[in-house]
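These notes concern the structure reproduced below.
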Amino acid sequence: MAVDTLEISDALGVVADALARSDETLALASRHLDRSLVDVLAILGFDKRYVSARGSYLYDENGRAYLDLHTGEGFASLGHNHPDVREVLEATLASELPGGVQIHYSPLAGLLAEELTQRLPAGLDAVFFASTGAEAVDSAMKFARAATGRPRLLSCDSGFHGVTLGPLSIVGDEFFKEGFGPLLPGCARVPFGDLDALERELREKDVAAFIVEPVQGRMVTIPPADYLQHAQAACRRYGTLFVADEIQTGLGRTGKWFALDHWGLEPDVVLVGKALSGGYMPVAAMVTTRVIYDKAVGTLERCYVHQSTYGRNRLSMAAGLATLRVIERDGLVEHAARVGAFLRAGLEELRERHELIKEVRGLGLMIGIELGPPRGRAAKLNWHLIHSASEGLFPQLVVIPLHRDHAMITMAAGKNDVIKLLPPLTLSEAQAASFLDALDAVLSDCESGSGKNWAVVRDIAVATMRRRVPLRSR
């Protein structure tokens, strides 16, 4: 569905230039932005020129509609370009309200904080707004140290909390850290789900905070039964703050307003981001208790020691308010639970028929499809070749044909064999059913012995090994 560009204009010609030069999009990115990402898009066949986005779909220059089941790691949770959020942003600009940063407050910031805290456990009533999820994580790390007077921070293996230097120090995947050290001292990790390991660390009584994703986003890993409740209780026993990183799981994604609601948790800090603006504006939040907030920055002398230049700007605050109200008005939390259950049931049925699906995990519309090795001799050889070339390449066996042949956008979850689905919360059952049909067709083709999809990924694997240059010590 192409946008009518005849009525879109601005006095400075910015939009006109963007539209006129849209065919240069990838060339400009390669020249001035991340050249390696442009190369990866080309290798995977994802180098399409999308000209518009609406609801659950992206549209390319030929008018082909692509069902987006990834939504930029879940940031476009209301679908693309939600009209009601756009209307609120346009009205906010027209109002000429003050920006609401640094030396004064906008009422929008207080209203968003109020509506956000109303959906969280009692006592979480103090909010710090930031621009990114990583900044919210960094804020929690700082506030925890200041509030407890303790130096250490604890997280989980395989956890992901952001790639700026502070959050990177508690990320559980070494791949993201290579070449960026030394990182922050005093950061340690324990296996996700291992209460004994957690208690051993907490027993030292020098851990300021245990920062954990209720559902780990990297591979959509669900915690063992009662793990999070016991982890929270252990933190309370030893005076450690329990921090729930809900940057990916929050705001309806798992079929509850927050994933912590599945387990009745009452964290000391909750981190929110990604979907908070409905896909429009950079905005994130750290929500904590007034006691913790004031211990960190609650004196006249310290009121400026932790700030974010655009953290509570009027557009982000307005978009956040609009997003919360759309989710509430349209019943999207319940909708995500219902359509997510439909999707998982369909995926379980496919798992029974297709050897390539090893396991299906998820809550609501946060779903991981873990692939397993095939049984056929030739396919096994290809599987070993692909894995020797690059961990995380194997899911492209499914991701590439879903995109190429069925116009479905999915994403490999990283250096593993998981395909992660983070569709918009507005996804319909009919759209979910169309994805299940497409996945069934792709898996059938992969398992039929035709070799078409295997050949594509095998060629990428061979090219990867040929391009690999050993790092030389300097």
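Bridge orientation summary for the stretch 84-329: considering DSSP beta bridges with both residues in this region, about 40 percent are antiparallel.
Label zone of Arg375 (point 7 Å out along Cα→Cβ, amide N under 14 Å): in the stretch 330-357 this covers 352-357. Potential lengthening of the chain between Thr164 and Ala16 amounts to 49.8 nm, from the contour at 0.36 nm per residue minus the alpha-carbon distance.
With the simple model of a label 7 Å out from the Cα in the direction of the Cβ, Glu178 to Glu349 spans 4.2 nm.
Each DSSP beta bridge with both residues in the chain is either parallel or antiparallel, and the antiparallel ones are about 65%. With a Förster radius of 30 Å applied to the C-beta separation of Ser36 and Lys358, the computed FRET efficiency comes to 0.50. Using the rule -39500 (n - 2.57) for each DSSP H run of four or more residues, divided by the residues of the chain, the 222 nm mean residue ellipticity is -13000 deg cm²/dmol. Amide H contacts under 5 Å for Gly278: Ser77, restricted to partners 5 or more places along the chain or on a different chain, H placed in the peptide plane at 1.01 Å from N. With a simple spin-label model that places each label point 7 Å from the Cα along the Cα-to-Cβ direction, the separation between Leu97 and Glu115 comes to 1.0 nm. Across the stretch 278-295, coupling constants 3J(HN,Hα) worked out from phi with the 6.51/-1.76/1.60 Karplus curve, θ = phi - 60°, read x, x, 9, 10, x, 7, 8, 8, 10, 10, 8, 8, 4, 4, 5, 4, 5, 5 Hz, and Gly and Pro carry x. Between Ile367 and Leu421, the built amide H atoms are under 5 Å apart, and every one of these is 5 or more places off in sequence or on another chain.
Per-peptide packing, taken as the mean over residues of other Cβ atoms within 10 Å, places 455-463, 345-353 in the sequence 455-463, 345-353 from highest down. In order along the stretch 24-38, the phi-based Karplus estimate (6.51 cos²θ - 1.76 cosθ + 1.60, θ = phi - 60°) of 3J(HN,Hα) comes to 9, 3, 6, 5, 5, 5, 5, 6, 10, 10, 9, 4, 5, 5, 4 Hz; Gly and Pro are listed as x. Amide H contacts under 5 Å for Cys187: Leu153, restricted to partners 5 or more places along the chain or on a different chain, H placed in the peptide plane at 1.01 Å from N.
Could you give the length gained on full extension between Tyr304 and Ala27, defined as 0.36 nm per residue of separation minus the Cα-Cα distance, in nm?
Gain in length upon complete extension: 95.5 nm.
Relative to one another, the C-alpha centroids of the stretch 176-194 and the stretch 253-330 are positioned 25 Å apart.
In order along the stretch 147-161, the phi-based Karplus estimate (6.51 cos²θ - 1.76 cosθ + 1.60, θ = phi - 60°) of 3J(HN,Hα) comes to 6, 9, x, 9, x, 8, 10, 10, 9, 10, 4, 6, x, 9, 9 Hz; Gly and Pro are listed as x.
Put in order of Cβ neighbour count within 10 Å, fewest first, the listed residues Met141, Met465 become Met465, Met141.
Considering only Ala234, Ile357, Ala336, whose Cα is most displaced toward the positive end of the charge dipole of the chain, charges sitting on Cβ of Lys, Arg (+1) and Asp, Glu (-1)? My answer, from the dipole projection, is Ala234.
Packing-based ranking of 123-131, 333-341, 185-193 yields 123-131, 333-341, 185-193, ordered from highest to lowest mean Cβ neighbour count within 10 Å. Which FRET efficiency, nearest 0.05, do His384 and Glu61 yield, Cβ-Cβ r, R0 35 Å? That gives a FRET efficiency of 0.35.
Cα gyration tensor of the stretch 148-271, axes a ≥ b ≥ c as square roots of the eigenvalues: rounded (a/c below 1.5), prolate (a/b > b/c) or oblate? The shape class here is oblate.
If the chain linking Arg237 and Ser434 were pulled fully straight, counting 0.36 nm for each residue of separation and taking away their Cα-Cα distance, it would gain 66.0 nm. Within the set (i) 151, 51, 44; (ii) 69, 54, 40; (iii) 69, 61, 54, the number that Cα extents along the principal axes in Å takes when calculated for this structure is listed as (iii). Taking the average, over residues, of other Cβ atoms within 10 Å as the packing measure, peptides 218-224, 29-35, 285-291 rank 285-291, 218-224, 29-35 from highest down.
Read the figures in this text as sums done on the coordinates, not as results from a lab. All figures in this text were calculated on a predicted structure; none of them were measured in a lab. With ideal geometry, Cβ positions are generated from the backbone for all residues, glycine too; neighbour counts draw on all protein chains shown.
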